[in-house]
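Peer 1: Quick one: the structure is below, questions incoming.
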């Protein structure tokens, strides 16, 4: 679990290096994800009868791993190509896990209509977040380009 959340934090730090808009979007996604991870961890520990100091310690390790991943991600000096590859790989893994493991399990345990509705609400929320971030003033995809002029 510690490695998993460390990579979450690393993605967050790297995303903020690309832009504050992307960092904010990744932060919102990881906030929701971290909440469900923590809830699952606590539920598992309570159900297995191992809740107590060990459970609180594990949640502390979880928090420390995420924050340290974000700090390292924000301080790494990476090329734009490497950042793009890392974030694309991270997004691909998350999409794979959601579509191959999480959605089928949700459909197996709950009403398909409710699951589909919740999925569509989640997609709409992410679409709204991305649309909001792209509509901000001063947003320019070409901000990092260099204009070359000739003195002929």
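Any read-out appearing in this document is the output of simple, stated calculations on the displayed coordinates, not a laboratory observation. Just so it is clear, the structure is predicted and the values come from calculations on it, not from any experiment. Every residue, glycine as well, gets a Cβ built from its backbone with ideal geometry; the counts of neighbours run over all protein chains shown.
Peer 1: Sticking with the crude label model, points 7 Å out along Cα→Cβ, report the distance from residue 100 to residue 131 in nm, one decimal please.
Peer 2: 3.2 nm
Peer 1: Can you give me the relative contact order of region 2-134 as a percent, contacts being Cα pairs under 8 Å and 6 or more apart?
Peer 2: 38 percent
Peer 1: Mind ordering 60-67, 76-83, 7-14 by average Cβ neighbours within 10 Å, highest first?
Peer 2: Result, highest mean first: 7-14, 60-67, 76-83.
Peer 1: If packing is taken as the mean number of other Cβ atoms within 10 Å per residue, what is the order of 16-22, 111-117, highest first?
Peer 2: Top to bottom by mean Cβ count within 10 Å: 16-22, 111-117.
Peer 1: Report the residues of region 2-21 in range of a label on residue 84: point 7 Å along Cα→C-beta, backbone N strictly under 11 Å from it.
Peer 2: Of the residues in region 2-21, none has backbone N under 11 Å from the label point off residue 84.
Peer 1: Continuing with the same structure: Just check region 1-91 against the gyration tensor rule for me: Cα atoms, a ≥ b ≥ c as the square roots of the eigenvalues, rounded for a/c under 1.5, and otherwise prolate or oblate depending on whether a/b exceeds b/c.
Peer 2: In terms of gyration-tensor shape, prolate.
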